[in-house]
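The values are calculated or read from the model by the stated rules, or taken from the named source; none is laboratory data. Bear in mind that the values here come from a model prediction, so they are computed numbers and not experimental data. So basically every Cβ, Gly included, is an ideal-geometry build from the backbone, and we count neighbours across all protein chains shown. Ligands, DNA and RNA are stripped out before the accessible areas are found, and what is left, the full protein with its side chains, is counted by its heavy atoms. Shrake-Rupley method; radii C 1.70, N 1.55, O 1.52, S 1.80 Å.
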Amino acid sequence: MLLLLLLIFKGLFHRGEGMTAPQNSGPLHAAAEEDPVFHFLQSSSFVNNSWAYTRGSGWLGEVQTHGWDKVLDTIRYLKTWSRGNFSTEELKSLQALFQLYFHGFIREVQAFASQFQFEYPFELQISAGCSVHVGKPSESFLNGAYQGTDFLSFQGNSWLPSPRAGSQAQNVCRVLNKYRDIKEIVQSLLSETCPRFLASVLKAGKAELERQVKPEVWVSKGPTPGPGHLTLVCHVAGFHPKPVWVMWMRGKQEQHGTRRGDVLPNADETWYLQVTLDVAAGEAAGLYCQVKHSSLGGHDIIIYWDGYSMFQKVMCLTVVVTVIALKVLAFSFQKLRSSWNVLVPSMQKSVTGANTQDPRSPGYQLFSAWDWWAKNRFLKKWKAILNRS
């Protein structure tokens, strides 16, 4: 089995030698603020020396991109871009490598279980992968756990026991370090194949990975924690990417009693979060929920406990001021109109014996001049009122 494993591995890298890693086409979504990481997770449950069950998956950060179909012994590509730019032959070789690994891992562990002092039933977990850094060399890792506790790791070209794992882990690492060819395979997969695959997946999935969806935020009252107290709940829904900062605030002070729930996935691959705060009923006034997210472009969402955002408060204030100004204008217009109605008849009477209907008559011309002057005066007063408001 070891010979076949080496042949597949060498064939895989012989075909991949001519390929160069895709250049980083830009940072992953800004919200993450972390270097992108691709990691493989394995969990193997050993019930007895003849029955075991293994699960495997691949993840880009917190997005699952690959699964392992244990019935068909094949890789499942969960995203359209999960293959990156690897050729079909390369992917088939990787799949064959994993097929041999999963079957061989179960057999080898069962064969050495007694020597390693593994007591049935037991669980083994493995996390392996790499991260890329802009302008820096990539980093890789492989960590193993026994019964949920750190057990060993692969560093450089050696297996090292975890400090608290004791003599049991030391014994396992001593045996594993005898297999030089296996160590070379693991080292090449971590330091060469993984960074190249990660770079290609980041490029292929760029559009989806950089997707930005603004959150919807509202507040509500939760279950009453006790007499005279309130539970304030801030709901943040439908945002992407996952990283988000949410806090109950008063003024510029964070409320340290704020409790953050788990960030839960929605069916449309966005996220949902609840953040709560218990307060005395008389102290809720002035509290607000503040949300920071990459999709907001630096403009935080602020929702006060009374249910209105800062934007809504400004809009309400603007509407109130506008209504008052319109009422003042309407009152002023009615006053000017009343003055005009009194002024025109008196002006007409003052033009004694003049014909104000005939455009050629002096009376008509005098009345027109007076009419123009009065209207112009009215417009000036109206403009002055507008400027004062």
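Side notes on the structure shown:
- Checked against a 31 Å cut-off, the cross-linked pairs Lys206/Lys252; Lys136/Lys183; Lys203/Lys252; Lys70/Lys183; Lys203/Lys242 give Cα-Cα distances beyond that limit for Lys206/Lys252; Lys203/Lys252.
- Among the protein heavy atoms, those of His103 account for about 90 Å² of accessible surface (1.4 Å probe, every chain in place).
- A straight Cα-to-Cα reach below 20 Å connects Lys221 with the aspartates and glutamates Glu254, Asp262, Asp278, Glu283, Asp306, residues fewer than 8 places away in its own chain not being considered.
- Carbon plus sulfur fraction of accessible area for the stretch 35-92, probe 1.4 Å, in percent: 54 percent
- Shape of the stretch 91-141, Cα gyration tensor, a/c cut at 1.5: oblate
- Put Glu216, Glu254 in order of accessible area, highest first, and with a 1.4 Å probe you get Glu216, Glu254.
- Computing FRET efficiency as 1/(1 + (r/R0)^6) for Tyr53 and Asp306, where r is the C-beta to C-beta distance and R0 is 45 Å, gives about 0.25.
- The candidates Ile324, Ile303, arranged from most to least accessible area with a 1.4 Å probe in the full protein assembly, appear as Ile324, Ile303.
- Only protein heavy atoms count here; on that basis, with a 1.4 Å probe, Ser162 has an accessible area of about 20 Å².
- Of Thr258, Thr80, Thr224, the residue with the largest accessible area leads and the full order is Thr80, Thr224, Thr258 (1.4 Å probe).
- Convex hull volume of the stretch 97-223 per residue (C-alpha atoms, cubic angstrom): 220 Å³
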